[in-house]
Structure formats: C-alpha cells, structure tokens
Amino acid sequence: MTKLMYRLLPFSKRLFFSVVLLFISFAVCFLLFQYKREKEYKSDLLNMQLQNYNNRMYDFIADEGELDTDSLHHYVTTHMIPDLRVTLITPQGKVVYDNIQPDTNRFENHRTRKEVQDALMYGSGYDISRHSASIKGEAYFYSARYYPSQQLIIRSALPYNVSLSKHLKADSEYVWFTLAISLLLIIMFYRYTQKLGTSITQLQQFALKADRNEAIDISETFPKNELGEISEHIIKIYQRLHRTKEALYIEREKLISHLQTSHEGLGVFTRERKEILVNNLFTQYANTISDHNLTSTEEVFGIAELQPITEFLNKNEGNFSKEEKRLALHVDKNGRSFSVECIIFQDLSFEVSIIDITQEEQQARLKRQLTQNIAHELKTPVSSIQGYLETIINTPNLPAETMHTFLERSYAQSNRLTVLLRDISVLTRMDEAPNLVERETINLSLMIKNMLNEVALALEEKHITVINRMPHELTINGNSSLLYSIFRNLMDNAIAYAGTGITVKINCFREDEKFYYFSFSDTGVGVPEEHLNRIFERFYRIDKGRSRKLGGTGLGLAIVKNAVLFHGGTIFAKNNPSGGLEFVFTLRKEKEA
C-alpha cells in the first residue's frame, strides 16, 4: 500500500522525499560519527593529562632513587588532582603502591588489565569506566605508562562519575547547528523541487496533449531554470514539426488530387505489394492490358505482360541501397501502346506508372481528319439526293413508279443527313459547352432496363441474348440523354455488327469512393486489333461500305466516348480471349467539385 501511495505522488514530491531521506540518513551517520570522534578526542585529551601526571610521578621516583611508600604518599598528597588515584604496578602485574588502598596484598594481579597490557605492549594505554575490583561500586578512567628503566608501570585514574561523564560527553552544540543547517537545506531543496516539479508537470501535460493531438496553449510560461528552458525549446520544436506536418498533409492532398486528375496511370505500393495509392487511370490501363477484369489492384502483378516488373521487384527484394532502382518497358495490347515504368524507393515501397503513348497521336490524327471526314460524310447523302432530283428534273417522261422510288431514296438520304447532323450537334455541344448540359440523379439500373425493352424486337430478330448484371437501384449524378446514349449506342453497335446468336453482358464489376466500373461485352466477331485504338474516332469505320449500308454515321462510339468523358470517366475497348469485343469504362458517381 505504501509503495502504491508513493507512486501516486507527483514526480517533484517523490524526488523531494527520496533526496531528503538520503540527506537525513547521511546527516544521522555524520552526527554519529562526529559524536564518537569527539568523545574519543576528549578521552585522548584526558589520557594525555593523566600521562603527564604519570611522567612527573616517574621523574619524582627517578630522583628519589628508592621506592619509599611514605615519600610517594607525600608526593601524591601534595601534587594531587582532586579524586586522583595513583597505582604503581610491576611488569608482572603486582601492585606495589596505591594511594587509596594502602594494603597492596588485597589487590589481585593486574597484568590482565587492558591499560596494563597496552602499556607493556605499546608503552601506554587507557581504559574507560571499568569497575574497580578493590573499591566496590566505583568506576574509573585509567591511564597507564610503562617505564622500562624502573621496571615499573605507573597508572593514574579518575572516578568515572557525573562530572567526568559530562567532561567526556560530546558537545551537543554542533548537533543542533547541523540540524538547523539540514532543515534550512531541506527547505531550499523543497522550493527547488517545487520549481522542478512544475516544469516536469507542465512538460508532462504538453506531452499528453501532443499525443492526443489536442490544442496546446503556447502562452504558458515555464519556471526560469534549465528544465524550463528545455521545455520551451521542446514546445517550439513541436510547433515547427506540427506546422511542417500540416504543410506536408496539404502537399499530400495536392499530390493525391494531382494523381487522380493526371493523364498518367499511377500506383504506389508497399514492399509487400499492398496498395497505398492508385488512381483511376492505373486501374483502367491495367484492365486494358489484362485478359480479364481485375477485381483488386494487387492482381496487376499477375498480368503476363507485366511479368518483367514482378521479376524486377523479386530481384531487388531486400536491397536497401540508396542508388536508384528503375525499370521501363513497352507493352502493346489491344491496339494500344503503353509505356510502363517501375521505380523502387529506398524503403522498398515502389511506384508503377502506365502511360498511354497512343493518345497524342490519336488526337493529332483526329484533328487532321475531322474536317475531311465531316465534308465526306455530308457529301455522300447530299450527292445522292442531288443525283436523284437531277434525274427527275432532266427526265420529263420518267415513269411514276421510278420517280416514287427516287423520291423515297432521297427521303432516306435526307433522314440519314438529319441523323448525321444531330450526332455532330451532340458532339459539338459536349465539346464546346459541357457546363450547359443539365445534370440530375439518374437511376441507371432502371434506364438500362428500359433501354433493353426498347431494343427487344431487334435482339429477337438477331437471336441475341442479353445478360444484365447491373446492381439493383444503382444511381448516378449525370445527364439522362448522354447516359442513355452510352448504353444505347453500345447496344446498337453490337446488334448491327457483332453478328447473330451472340450473348451480350452488361456488368458493373467494381466500385470505389468515386467511380463505378462497367463492362459491356459480346461474344461476336470482335474487331481486328489494328482497329481497336481507332474505333472511338469520329467517322472511323472498319468496313466503310457495310457501315453505310447499315445506316451508321460513324459517330456512335465517338458519342459514347465523349459522354463517358463528360461524366468524369474513361473508356477502352479490347478483344476477349474467348472471342468478341469488350468495352471497359468508368463513370463518376457525383459531379466533380
């Protein structure tokens, strides 16, 4: 319980009590040592006084020449210290004179006495407070000296009474002085530990707030000591780090926004090949290169065309050197060309970038051919109408049946011209005024269901089976007519060109926070690979004669692509390994902010 209470005390109190306990222990030990030392000093001083008397006594005996009891008694009486007892002892321990007890025969042998043994061995010795055997109840302070020339031990003694005890007792003044100084030091140390504890407590509170990411009061002042200065420096360093962290967070958000809007497919992965950050284009390009739709980004490392990347990562696993580790390769797939690059960072995380290097060439070619294609496509129906009308005008006797046929053909060509102008108008509106196109929340699942009902007769004529795997109640913020044109044009394209007895699949195979991922595929004849990268071009036809015969304007897939781009997505086409054509595209769930 005591240990628990001690641990609950603030650090300053624990430090104070610990140091005070050590200081008191030291002071007590010092007092005891000093007390004993002073007592020994006073005993040595008294012994010195008695030894001086013993020397004077020896000088007297040496001058007398003979040991006469009366003369000794006379000397002791005339040169006596009050209560002094003088005893003469032979080296064999026999007492030959004692001024208190004249009958020396009553004394036992004194050779075993401590002061006598010390005198014989060291020349002098003393003993404190030993009770006398010859005088009952008395205790003496004995001091003896051996004089070899006289073969005599002279021992003087004083009664160990209250007076002598007080004389030998250590002086208590220094004890009180030491206690007073100790108390003063304890008070000073208490004030110091209070300041130290204040600094530590404030620093502890700062650390807790920093750990919890709470607001920190920078106006709080610390005590003016070294720890206070260190604490202030730590807070300043924390503030700089916090500002740097906020700046890095802002830059990180900028980087993420840049990656999401970049025209380059980027994916950043951990050393364990787990996704850190992947933008939409990376997923699109990876699905274009892959032979099957990727349900997770990590599956990109299983694509056959990207195996050199996987081998490169395996080769550099465990290589933490600072030198740059980079691999680039070129991939041609489904009529598109991609530049793929992998960069391994120092912590073995890595980045994979996929760039569609055919896009700029396509755009340049489209700009060059756009004017020519429009003129050509407009010229064909106009020339047909002009030819039929000229024949009617120049042939007055033209049979009515033939004239009716020519007029029907002219009407059909005018309808074709109307559809062509309408499609051009739609594309122009998306190109030049996309902000004027209205948006609303669309139930895409219901729209596709209605569209399939509209083309049910055409599907039945061509014996086409449709598998609709769209989720129930899938909604999106967009333009109703443009969204409808995406799926209607793809379906019309499949009905017109894919063949009979095929299967069409419509699927939303993935979604994330911002996008839906769609697949529109058929099991028809497919498209030669050299045409895949051009089928979204305006007026591009794989078989021009057959397309015009079927009434196509050559703008359907261009409208699909522009409608997808209008809704913040991307679209690609690829041939399925099992046969048929597949369109993979994305649509943003909400309008971009």
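Quick notes on this one:
- Only one of the listed residues (L313, L266) is of a type in the set (A, V, I, L, M, F, W, C), out of contact with any Lys or Arg (no Cβ under 8 Å at 6 or more places or on another chain) and surrounded by 14 or more Cβ atoms within 10 Å (Cβ to Cβ). That residue is L266.
- Spans of helices (runs of 4 or more DSSP H) in segment 480-570 with at least 3 residues under 28 Å from R409 (Cα atoms) and either at pLDDT below 80 or of a type outside the set (S, T, N, Q) (or both): 480-497, 544-549, 556-566
Listed here are the residues, each with its yes/no results for (1) under 30 Å from T178 (Cβ atoms); (2) outside any strand (DSSP E or B); (3) at pLDDT 80 or above.
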residue: L21; (1), (2), (3): yes, yes, no
residue: M48; (1), (2), (3): yes, yes, yes
residue: Q51; (1), (2), (3): no, yes, yes
residue: L67; (1), (2), (3): no, yes, no
residue: D70; (1), (2), (3): no, yes, no
residue: V86; (1), (2), (3): no, no, yes
residue: V116; (1), (2), (3): no, yes, yes
residue: D127; (1), (2), (3): no, no, yes
residue: S134; (1), (2), (3): no, yes, no
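- Subset of segment 303-328 [at pLDDT below 85 and outside any strand (DSSP E or B)]: E317, G318, N319, F320, S321, K322, E323, E324
- Any hit, segment 201-221, residues being modelled with pLDDT of 75 or more, assigned to a helix (DSSP H, G or I), charged (D, E, K, R) and not assigned by TED's automatic domain parsing to the domain that holds R85: no
- Just one of the numbered conditions (1) surrounded by fewer than 20 Cβ atoms within 10 Å (Cβ to Cβ); (2) within 18 Å of E582 (Cα to Cα) is not true of A458: (2).
- Considering I464, I442, I486, I476, the condition of being touching a residue at least 12 places away in the same chain (Cβ under 8 Å), closer than 30 Å to P528 by Cβ and within 52 Å of the chain's Cα centre (by Cα) is satisfied by I486 alone.
- Restricting segment 92-114 to residues that are acidic (D, E) and part of a loop (DSSP other than H, G, I, E, B), the residue that is surrounded by the most Cβ atoms within 10 Å (Cβ to Cβ): E108
The values are calculated or read from the model by the stated rules, or taken from the named source; none is laboratory data. Keep in mind that this is a model prediction, so the values were computed, not measured. Every residue, glycine as well, gets a Cβ built from its backbone with ideal geometry; the counts of neighbours run over all protein chains shown.
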